[in-house]
Structure formats: C-alpha cells, structure tokens
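Comments concern the structure below.
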Amino acid sequence: MATTTTNPNRLSQIILPAATASCAALFVLWRSYKTTKNGNNGSNNSTSSKNRTVITSTMREQRPNGECIVVVGAGSIGSSFCAIFLAQQNDKVVCVDPLVDEATLKERIQKVWPTILARGLTQQATPPFGQLVFEQVMAQSLHRYGTPRLVQECTYENIECKQEILSELDHILSSNDDDLNILIATSTSFIPHELLVPKCRHNKDRVVIGHPTIPYLDCFMEIYGTTPTVVSRARQFYQAVGFDVVVLQKTIPGHLFNSFLFLNMQHGRALVRDGVCTPQEVNTVMRHLGREMYSGHMFLSLLSGIGGDRGLEGGMVLSERVKQSVITISFYALAKKCFMPHFIAHAFGTFMAQTLAARVDVPPPSFIQACQEFENKVTQNKTLGVQEGLFRACSARYTRLPYEVGNDPFQIL
C-alpha cells in the first residue's frame, strides 16, 4: 500500500490566498483614502472645476431624438463591447477615446467579428460600421447623438482614473431629470463600488458595476448597484443584448469572477513553485475541472454526486469527514513545522479538528436548499435514482464536450 507524506508547506497554501486577498483589499482601501483626502483639498477641487466641461443650453438643444449606447474607452474591452452592441443592430453605438483614432477602433472590431459570427450573435459577415460613431471629446459624444440608454465606461483599471471619469460622466449627464436617470456602468475588474463613486456629486446611485469577462468571447456579466431599481434596469439592458447576468448582493474586490479566477491561478502557481507538478499538468487539471463545473453544475451537484445512492444526504456526511481530515492535516503540518514529535502533532491535529469542524466552513442554509432543489430537478422529484438523474441531465458533455485520450478537440499543447 502506498504511503502518504504530509508537506508542512501545504498549510501556507491554504492560508495564503485569503491572506493575499485581504492585503490587496487593504491596499485598495488605503489608496482610496489617500485619493479621497487629496480630492477634498481646496486647491485640487479648484483645479478639477476648471477642467470640467460646462454644459450649455446649446448642447442640450442639439441633442437629437432617439437613443444610443455610449462606450467610453476603445481598448480591448471597450472595442469588444462596441462589437457586441453593433451585432444587435438596434442602436447607434458611440465610442469615445481621446487616445486612439477611428481606424484603430474599427480594426479592433473587425478582428473580433469572426468570433461574434461563430457565437451566432449576428448574421452579418462584416460589422455594420454605419451604426458606429467615434468621438475623442466626451461631452460632445453624450449630447450629439441622442439620449444614451447606457454609458459603459471601459478605461484604465486605476482608482484615480475611474473616479475622475465617472465623476465627469455624472457631471455631464446632470442637466435635467432625464439625464440624471441615465445609467452609467463601469467595467472595473477589481475595484469595489464605494471606491468608484466618492466624487460623483449628482446621482452616484445610477452608477453600477457592469463587469464582463471579455465580451466578444463570453456572455458572462456581473452587476452591482446600490438601489433595486437601478440594478433591475441594468440587468434588463444587459440581458437584452445577450449577456448571462449575475447580480451581486455585496461589492467585494474582484467581484465574483475575478475573485474565483485569482484564487485558482494563485493556487496553481503555488503548486508549480512547490514542485508538486508542472504548469502543463496544472492546466490539464483545470481543464478537466472546468468541464465538470460547466456541464455538471458542480457547485450545486457535487454533494449529490459524491453521496452515492444517498445523494445530498450522503454527500453532506462525506464532506464533513473530509473537512475534519483537512483540519487535522493542516494543524498536524503546523505542529510538525514547529518540530513537535509525530504523536503530539497528530493528537494536536485531531483535537483541533474535533473542536473546529462544527464551526468552520458551515454551509449556509440557502446553499443546502439550492442543492436539494437541483437534486429534485434532476431526479424528477425522486422518481429517478440520484446518479441516474445526474447522468441523464449532464451526459451531453461526452458528445458535445469530448475530452478523452485521443479525442480532445481543444488540444493545443
């Protein structure tokens, strides 16, 4: 029988992701405090006021009837959003970026258009550039081409930059009640909502986080807002243009998608750094795991899947045993690192597992309820066995997402 050895360094790999994320959040908060403190300085406010665009009655009168969608920033995310919005063929799309030219924007849209076609989002072989308008001055773009249904900000991932751009948008779109209701969305990848809006003086509640992955590649969208009405409007907008929308109830650094991605990437690099496996092997593990997560709804189905014939009930019993083992091993490794003898380290780990198991990582009732609802769905309210139900629900993965030795349509390395 093979023996298992415990690596004392594994404890650091368990604690490191949470510690790093906490440090990152504290750093962001510190930077925000410094920025807000400086922003409240009288001389800085004076300079900012001089640079603000003055909204004249002429600008408001020149706004034509109709609607448009405004994208601020023509980088990889901004140009990708433009392509998605153009594929809908419903609205004029106005893109604003003082740092690039129109030819560059069109070239970027043209490059991603084959993916837009492959996803079935449009039947047009070429982008409808007749619907696209490019501007380099933000104030003009927001008043010249109709009332924006939504303004999507896609500038640098920098707190100071985001605060200034959102403040400027909030100022420009404040001339009347209709303007004050225009949604402003930011595609920030990491920054929490409260750090984005401290300089918005008119209606900061209409500013929402609208964070995609990469819009032309994937339909995922996560949103966060401070009022139910604004969140509902944002969700309806994104769903109407084809996004699969997740609503955050709280704002956290990295939101949902990037917080998961960050922890997975960090753990993978730690495994490589500690010599557990090669980068290629981590990639293989993540590909297998990713297929199960996607096609098998792993977050909701895992407990039922590992529970055998008992389903969710059996899975919960097994997960508690696994949790006790993880705690035992973690504290055993810590004790060994402190040069404790084996029998003391083992007793210490066992004691800590018995003490902490009932208090650590307790599944919230809403999660158990969701797992039970999922199991009821796939078993057709228990008319099928759990494993049979799971197979029937998810067996399409074997034909539509084949991943076997010698049958890997996505193999590159």
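In the neighborhood of VAL96, defined by Cβ-to-Cβ distances under 12 Å, what is the net charge if each Lys or Arg adds +1 and each Asp or Glu adds -1?
Value of the local net charge: -4.
LEU195 exposes around 10 Å² of accessible area when a 1.4 Å probe is run over every protein chain in place.
Relative to the compact globular guide of 2.2 N^0.38 Å, what is the alpha carbon radius of gyration of the range 297-413, as a ratio?
Taking the Cα Rg and dividing by 2.2 N^0.38 Å, one obtains 1.45.
Amide H contacts of ILE191: GLY254, each under 5 Å away and 5 or more positions distant or on a separate chain (H built 1.01 Å from N in the peptide plane; Pro and chain starts excluded).
When ranked by the protection proxy of mean other Cβ atoms within 10 Å per residue, highest first, what sequence do the peptides 228-234, 377-383, 407-413, 204-210 form?
Result, highest mean first: 204-210, 228-234, 377-383, 407-413.
Using a 1.4 angstrom probe on heavy atoms only, work out the carbon and sulfur share of the accessible area of the range 167-262 in %.
Working: 2150 of 3950 Å².
Carbon and sulfur: 55 percent of the exposed surface of the range 167-262.
In percent, rounded to a whole number, the relative contact order of the range 325-378 is 35, using alpha-carbon pairs under 8 Å and six or more apart. With the charge dipole of the range 207-328 set up from +1 on Lys and Arg Cβ and -1 on Asp and Glu Cβ about the Cα centre, the Cα lying farthest toward the positive end among the listed residues MET298, HIS267, GLN280 is that of HIS267.
Using the Karplus relation 6.51 cos²θ - 1.76 cosθ + 1.60 with θ = phi - 60°, the per-residue 3J(HN,Hα) values for the range 118-135 come to 4, 6, x, 7, 7, 10, 7, 5, 10, x, x, 5, x, 8, 9, 10, 10, 9 Hz, with x marking Gly and Pro.
Ignoring aspartates and glutamates fewer than eight residues from LYS382 along the same chain, the ones with Cα atoms less than 20 angstrom from its Cα are ASP309, GLU313, GLU373.
The values are calculated or read from the model by the stated rules, or taken from the named source; none is laboratory data. Only a predicted model underlies this, so the values are computations on that prediction, with no experimental measurement involved. Neighbour counts run over all protein chains shown; Cβ positions are idealised from the backbone, glycine included. Keep in mind that these areas ignore ligands, DNA and RNA; they rest on the heavy atoms of the full protein, side chains included. Shrake-Rupley method; radii C 1.70, N 1.55, O 1.52, S 1.80 Å.
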